[in-house]
1. Leu26 is checked against (1) at pLDDT 80 or above; (2) more than 30 Å from Val433 (Cβ to Cβ) and fails just one. What number does that condition carry?
2. Starting from the range 383-402, take each residue that is in contact (Cβ under 8 Å) with a residue 12 or more places away in the chain and surrounded by 24 or more Cβ atoms within 10 Å (Cβ to Cβ) and list its partners that are outside any helix (DSSP H, G or I) and among the hydroxyl-bearing types (Ser, Thr, Tyr), counting only C-beta distances under 6 angstrom and pairs at least six apart or across chains.
3. Restricting attention to the range 233-279, and to residues there that are over 21 Å from the mean Cα position of the chain (by Cα) and acidic (Asp, Glu), which single residue is nearest to Thr200 (Cα to Cα)?
4. Name the residues in the range 275-294 that are surrounded by fewer than 17 Cβ atoms within 10 Å (Cβ to Cβ) and assigned to a strand (DSSP E or B), would you?
5. Sort out which residues of the range 224-240 are touching a Phe, Trp or Tyr at 6+ places or on another chain (Cβ under 8 Å) and surrounded by fewer than 22 Cβ atoms within 10 Å (Cβ to Cβ), and write them in order of number.
6. Looking at Ala94, Ala83, which is the one that is part of a helix (DSSP H, G or I), in contact with a Phe, Trp or Tyr (Cβ under 7 Å, 6 or more places away or on another chain) and in contact (Cβ under 8 Å) with a residue 40 or more places away in the chain?
7. Just to be sure I understand, how many residues within the range 346-395 are within 30 Å of Leu87 (Cβ to Cβ) and in a loop (DSSP other than H, G, I, E, B)?
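The values are calculated or read from the model by the stated rules, or taken from the named source; none is laboratory data. Keep in mind that this is a model prediction, so the values were computed, not measured. Please note: Cβ atoms are built from the backbone with ideal geometry, for glycine as well, and neighbour counts cover all protein chains shown.
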Amino acid sequence: MRIARSMLFDSSVRYMNNSLSEIIRLNEQNASQKTINRPSDDPGGMSRSLDLKTYLTRLDQYDENMNTALGWLQLADDELNQASDVLTRLEELAEQAATGTLTDSQRSMIAEEARELMGQMLAIANTEYAGDSIFAGSMTDTNAYEIGLGATVRDETLSDASFVAFSGSTSSTIYVEFAESGTVGVDEIDYRYTTDGGSTWQTATLAAGDTELDFGTAKAEMLSGSVVTATETPGEGDGTAVWIRPAAYYTGDTEGDETVYHYGSSTVTATADGVFDSSVAIRIASNASLPGPISYSYSLDRGATWVDGNVTSNATFAVPGGFLELASNGGSAVVAGDQFIVEPHSAALYLDIGNSSSVQINSIGADIFGGRVDDNDTSTILDTPANLFESIGKFIGFLETNDQEGIADMIDALSAAHETLSTAQGTIGGREVRVEFAQEAVAMSKESTNANISSIEDADLTQLTTDLARAQYIYESVLSTSSKLMQMSLMDYL
């Protein structure tokens with residue numbers, strides 16, 4: 001085989017380039033301390049590394065979420081601790097004020113402190129974290145509570161719910177008695193009221209057919225048809241007695257609120273009631289009129305499949321999770337094919353703290369503090385096991401009117417409200433502990449993931465130093481050998 005000089009030259013250049021490329025590759029690894037600097041270095045290793053880095057990014061997001069969650073939960077925990085202290089003080093005041101030896105002026109002084117404590121409790125309920133209200137459910141852009149008026153009614157046949165609307169304001173409790181028995185919204189009824197605990201009285205008349213009591217700076221509307229009983233002597237309270245006193249109104253949202261969407265030509269209105277885990281579609285099966293009978297179908301998978309053969313005779317459609325109720329709105333006819341979609345609403349805010357794991361960071365103030373809600377100018381008492389704000393409002397009303405019997409009743413009411421508050425503290429504390437455990441788990445996962453990435457990417461410095469010295473030696477040998485070969489010719493042997 002004849003070997004030309006061009007072949008020697010090409011081989012020498014190729015070997016030099018290969019050796020130099022190896023030196024450059026090893027120097028690059030030495031500079032970066034990584035064995036993989038581009039996909040071509042190790043395609044399989046690069047793929048595994050990218051997967052691990054994606055997972056690490058997800059872990060970083062979990063970590064950020066948990067820091068945010070702890071910020072919300074720790075603040076809520078601290079605020080509820082303060083609320084517990086405020087409530088403890090109110091219970092102490094109730095014990096003191098229920099003592100028969102106290103004078104009117106002493107109870108008046110206690111009432112002033114109780115009003116301040118209610119203001120402090122309102123401030124706690126309106127606590128914000130980074131501008132977000134933590135006790136307003138998902139409505140974080142608004143205060144959880146506003147101050148207003150409420151009523152305490154002492155009557156065997158009536159309740160606090162007999163008063164459905166309030167307007168105006170008063171700086172002290174308005175105590176009301178009726179001079180005549182009668183039916184609100186039907187009879188003309190004389191009544192009297194005092195704003196200074198009975199020292200002075202004013203009289204007024206509820207006109208026949210009217211339902212609103214006027215106290216000058218404030219007004220209160222009663223349910224039409226409420227039957228009131230007269231008290232002959234002012235201050236005796238042996239008839240219907242009413243205290244118009246401070247109340248807190250919840251302005252956030254609650255769990256279980258639903259929205260109903262109507263698609264069709266019917267003019268009826270629709271409302272939903274229940275606890276719906278997912279959306280429910282209700283479809284009218286045939287033309288009908290309220291209240292029924294009406295045939296209908298429902299779907300739990302947005303119309304993919306339908307459950308047929310359902311009939312209602314009272315315009316109330318039973319579906320999984322609750323009921324849909326139709327009412328006339330200028331017409332009672334429903335048309336085949338009309339659909340009503342019930343969309344559930346959640347007041348809870350969740351953050352992911354792990355794979356398929358999340359934690360609620362906010363609280364629903366209505367479940368902790370109670371109070372009232374104002375819906376379309378109608379005042380409704382929140383249905384809670386122990387209504388904290390209503391108990392405080394009643395307590396203030398009894399204090400400012402020197403009603404020892406009412407004050408004594410509030411001792412147990414405030415104690416029950418304290419139990420509800422303590423339960424909420426326990427729930428929030430449990431969430432905190434869960435997040436802290438999750439943080440530890442994520443920290444261990446991050447450590448393990450980083451170790452795996454390091455084992456794939458990081459260079460072995462000892463081996464790298466050896467390989468680099470070897471590559472340099474090879475390169476120098478190639479240079480030396482090539483140099484000698486290139487200088488040789490046939491003339492050297494003549």
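1. That leaves (1) as the condition not met.
2. What qualifies is Lys394/Thr152; Gly397/Thr152; Gly397/Thr173; Glu400/Ser172; Glu400/Thr173; Thr401/Thr173; Thr401/Tyr175.
3. Once the filter is applied, the top-ranked residue is Glu236.
4. Answer for the range 275-294, where residues must be surrounded by fewer than 17 Cβ atoms within 10 Å (Cβ to Cβ) and assigned to a strand (DSSP E or B): just Ser289.
5. Thr229, Ala230, Thr231, Pro234, Gly239
6. Numbers: Ala83 fails: in contact with a Phe, Trp or Tyr (Cβ under 7 Å, 6 or more places away or on another chain).
The unique qualifying residue is Ala94.
7. Counting residues in the range 346-395 that are within 30 Å of Leu87 (Cβ to Cβ) and in a loop (DSSP other than H, G, I, E, B) gives 15.
Residues checked against (1) under 20 Å from Thr271 (Cβ atoms); (2) touching a residue at least 24 places away in the same chain (Cβ under 8 Å); (3) surrounded by fewer than 17 Cβ atoms within 10 Å (Cβ to Cβ):
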| site | (1), (2), (3) |
| --- | --- |
| Leu300 | yes, no, no |
| Thr305 | no, no, yes |
| Asp308 | no, no, yes |
| Asn314 | yes, no, yes |
| Phe323 | yes, yes, yes |
| Ser328 | yes, yes, yes |
| Ala333 | yes, yes, yes |
